[in-house]
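Note sheet for the following structure.
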Amino acid sequence: MSRPSARHIVAVTLLSLAVGTRRPSARATESVELRRDGSHVEVLIGGRLFTTYYFDAAVAKAYFFPLRSAQGTVVTRGFPMTSDIAGEDRDEPHQRAMYFAHGDINGFDFWGEAAFPRWSDHAASTFGRTVFRTLDEMRGGAENGRLRATFDLVAPSGPIAEETQTFEFSGGEGSRIVDCEFAIRASHGPLRLGDSKEGTFAIRVVKALDSPPGVMLNARGARGEKAIWGRRSEWVDYYGRVADEELGIAVFDHPGNLRAPAYWHARGYGLLAANPFGVRQFTRDRRQDGSYAIPAGAALTLRYRVLIHHGDPLRAQVAEAYRQFAAQSR
């Protein structure tokens, strides 16, 4: 089990400062507006609804639903938030549209949900919950918008950690971008994030992007679940035709993240998840241990970019978009 080095702690601090100073790309020119209504925040780009952030304490974790392209096409699964979409798969109900969670934090499962116990292989007493505490920042602007919220990571016995989720939204005529930062702080004693494939930053795509009929592609040119699941890559993109639009949704792993480039818990049925912890499970090498220790009072920060683009990855220049993202992040 590895512990954060002084070099990594310094890097985490610099990343936290950098999130507020990034400049959007030249194409990110539309205004962003954020509107709160109780336990959710609507995000509008160019005057049109892009997504909604839900943080109701009645649900085990915060999530976005749905995500839309610049043309308004929905790119994420509706279930379990809605059961009204014909033909949708109704498996893995804890896999919400977009969320951050890990399946083993001090032995508690924050990836699965106690409301759906049959989809997890452990006792109900070991589910955790990500419980909303405060909305710390919410602002729109001519070029981007920003949202930051703080949560308690709660085990059956009480809080074990604090988590801050920060998002920056931008978009232009052909794309939507969400820059995401997740900071887990060991506010109630030391933490251990265990070696589990069940995590960590995840999107469940709309059925039309499942692979097949859609295509799953990574930065190394690999295609399909067999070539991508459990492998490391700077990014993964699901693309295809949804309704009348050819589009894709990519997740970029930040080059300063723990164990970058990430391992990918990416499934043909539509799950796209970056996971730096499940090393033993992904490599099937019992000598490996991907668990990670956070000393009391310290924090681990992970950052990702979500790019929803028109056209296929070549037409959308996804590889170049990643190179620009990585260069801005150094």
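The values are calculated or read from the model by the stated rules, or taken from the named source; none is laboratory data. Remember, predicted model here, so these are calculated numbers, not experimental data. With ideal geometry, Cβ positions are generated from the backbone for all residues, glycine too; neighbour counts draw on all protein chains shown. Each accessible area value is taken on the protein alone, full model and side chains, heavy atoms only, with ligands, DNA and RNA left out. Shrake-Rupley method; radii C 1.70, N 1.55, O 1.52, S 1.80 Å.
Counting only aspartates and glutamates at least 8 places from Lys207 when in the same chain, those with an alpha carbon closer than 18 Å to its own are Asp84, Glu88, Asp89, Asp91, Glu92, Glu225, Asp237, Asp244, Glu245, Glu246, Asp312. Hydrodynamic analysis of the stretch 202-330 uses the Kirkwood radius over alpha carbon pairs. Inserted into Stokes-Einstein at 10 °C and 1.306 mPa s, it gives a translational diffusion coefficient of 105 µm²/s.
When you count, for each residue, the other Cβ atoms within 10 Å and take the mean per peptide, how do 42-52, 283-293, 207-217 rank with the highest first?
Working: 42-52: 18.3, 283-293: 13.7, 207-217: 19.8.
Final packing ranking: 207-217, 42-52, 283-293.
The C-alpha atoms of the chain occupy a region whose extents along the principal axes are 48, 39, 38 Å, arranged from largest to smallest. With a sphere of radius 10 Å drawn around the Cβ of Gly47, what net charge do the other residues whose Cβ falls strictly inside it have (Lys, Arg +1; Asp, Glu -1)? Summing Lys and Arg as +1 and Asp and Glu as -1 gives -1. Here the convex hull built on the C-alpha positions of the stretch 171-229 has a volume of 161 cubic angstrom per residue.
For Ser39 and Arg315 in the same chain, what is the full-extension length gain: residue separation times 0.36 nm, less their Cα-Cα distance, in nm? Please list the in-between numbers first.
Working: separation 276, 0.36 × 276 = 99.36 nm, distance 3.79 nm.
In short, 95.6 nm is gained.
Run the Debye formula on the Cα coordinates of the stretch 74-129, all scatterers equal and no solvent, and tell me log10 I(q)/I(0) at q = 0.13 1/Å. Each listed q maps to, in turn, -0.36.
Size of the dipole of the chain about the Cα centre, Lys and Arg at +1 and Asp and Glu at -1 on the beta carbon, nothing else charged, in debye to 20?
On the way: 42 positive and 38 negative charges, 195 e Å.
With Lys and Arg at +1 and Asp and Glu at -1, about 940 debye.
Based on protein heavy atoms only, the chain ends up with 41 Å² per residue of surface accessible to a 1.4 Å probe.
Per-atom-type breakdown for the stretch 207-282 gives carbon and sulfur 49% of the accessible area (1.4 Å probe, protein chains only). Computed from label points 7 Å out along Cα-Cβ, the spacing between Trp119 and Leu135 is 2.6 nm. In this rough spin-label picture, where each label sits 7 Å from Cα along the Cβ direction, the Asp91-Arg323 distance is 3.7 nm.
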